[in-house]
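All remarks here apply to the structure that follows.
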Amino acid sequence: MIIDAHVHLPTTCNGISFRQKKEQLLHEMANNHINQCIVISDSYPVSDIGSVDDCVTLFEGDDTVHVVGGISPLCNYQEQIVKLKKYLERRQIVGIKLFTGHEKFYLTDERLKQVYELAIQYNVPVLFHSGGPNSKYSQVLSVIEVAKKYPELRLVCCHCFYPYLEQCMSAIETQNVFFDISSIADDISIIPAISNMLKRIIEKAPSRVVFGSDYGGCSQRQHIEFIKGLHLEKSVEEGIFWNNAVEVYQLQ
Ligand SMILES: [Zn+2]
């Protein structure tokens with residue numbers, strides 16, 4: 001049983017409809033024996049990966065595909081807050097995503113208080129982008145700062161500060177920080193080093209590591225094989241592939 005807790009609608013064939021992108025995603029899930037997934041929308045109203053409205057509409061009534069809604073303090077912020085609240089109220093989204101680094105705002109930005117409080121109110125996690133060339137916007141000290149300021153909040157670190165996974169170790173004692181491994185198995189040439197670091201993280205926090213692939217941009221199969229290749233204890237592997245995501249996202 002596998003939940004891919006980090007996918008997007010594919011952008012490889014732009015020009016096709018969202019319905020066709022949905023078909024591609026479902027096809028990929030079936031090929032890789034993925035039972036459920038979490039689709040993360042963009043934070044902007046018009047996007048190739050779909051806005052929160054696009055994704056919620058597309059997957060309405062589908063029990064196997066859950067949606068996380070993106071939001072940005074840089075774009076129609078108050079309007080987006082109202083919209084996310086409506087979707088949270090109706091349980092149509094299971095989390096909120098901040099594209100720190102892709103967008104130029106910090107995880108500690110005071111404006112995000114509204115997002116953190118909304119997530120706590122509806123008992124959903126806040127996901128944030130980490131690593132990459134603009135990693136300063138969600139560097140590990142700011143992650144710890146936010147997690148400590150909002151102890152009831154579940155914060156999901158997407159990409160584990162890739163390629164600098166060792167940074168996760170600084171946040172490992174902060175119990176409300178979770179680690180989503182999406183995209184980290186993308187570059188095969190550094191897999192041995194990445195494997196070693198991930199194993200250390202899993203050893204310290206086996207219930208706080210969640211499987212994700214970043215499908216749409218990265219390979220689902222490669223990420224599944226990467227986790228299987230770690231040869232973890234069965235219960236730990238099952239946690240990463242399934243139970244941990246059920247807990248973090250409160251899936252039924
Ligand atoms: Zn992603």
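The values are calculated or read from the model by the stated rules, or taken from the named source; none is laboratory data. None of the values given here were measured: they were computed from a predicted structure. Because the Cβ atoms are built from the backbone with ideal geometry, glycine has one as well, and the counts that use them run over all protein chains shown. When the accessible area is computed, the model is the full protein with side chains, heavy atoms only, and any ligands, DNA or RNA have been set aside. Shrake-Rupley method; radii C 1.70, N 1.55, O 1.52, S 1.80 Å.
When the residues of segment 206-220 are narrowed to those that are of a type outside the set (S, T, N, Q) and part of a helix (DSSP H, G or I), which ends up nearest to the ligand (Cβ to nearest atom)? First the steps, then the outcome.
Here is the first cut: in segment 206-220, the residues of a type outside the set (S, T, N, Q) are 206, 208-212, 214-218.
Checking which are part of a helix (DSSP H, G or I) leaves us with 206, 208.
Working: 206: 23, 208: 19 Å.
That would be 208.
Every condition in (1) more than 24 Å from residue 94 (Cβ to Cβ); (2) open to solvent by less than 10 Å² (accessible area, probe 1.4 Å) holds for residue 210 except the one numbered (1). Sub-7 Å Cβ pairs linking a first residue in segment 1-29 that is closer than 11 Å to residue 49 by Cα to a second residue that is open to solvent by 50 Å² or more (accessible area, probe 1.4 Å) and outside any loop (DSSP other than H, G, I, E, B), at least 6 apart or interchain, are 9/18; 10/24, ordered by first then second residue. Output the residues belonging to segment 221-252 that are part of a helix (DSSP H, G or I) and among the hydrophobic types (A, V, I, L, M, F, W, C). Once the filter is applied, which keeps residues that are part of a helix (DSSP H, G or I) and among the hydrophobic types (A, V, I, L, M, F, W, C), segment 221-252 yields 224, 226, 227, 236, 240, 241, 242, 245, 246, 248.
Among the residues of segment 127-174, the ones that are polar (S, T, N, Q) and within 16 Å of the ligand (Cβ to nearest atom) come to 4 in all.
Hey, any hits in segment 136-157 for a residue that's in contact with an Asp or Glu (Cβ under 7 Å, 6 or more places away or on another chain) and not aliphatic (A, V, I, L, M)? There is at least one residue in segment 136-157 that is in contact with an Asp or Glu (Cβ under 7 Å, 6 or more places away or on another chain) and not aliphatic (A, V, I, L, M).
For the structure I just gave you, tell me whether residue 59 is among the aromatic types (Phe, Trp, Tyr), within 26 Å of residue 34 (Cβ to Cβ) and within 17 Å of the chain's Cα centre (by Cα). First the steps, then the outcome.
Numbers: among the aromatic types (Phe, Trp, Tyr): yes; within 26 Å of residue 34 (Cβ to Cβ): yes; within 17 Å of the chain's Cα centre (by Cα): no.
Here the answer is no, as residue 59 does not meet what is asked.
Selection of segment 166-222 for residues being of a type in the set (S, T, N, Q), touching a Gly at 6+ places or on another chain (Cβ under 9 Å) and farther than 25 Å from residue 145 by Cβ yields only 195.
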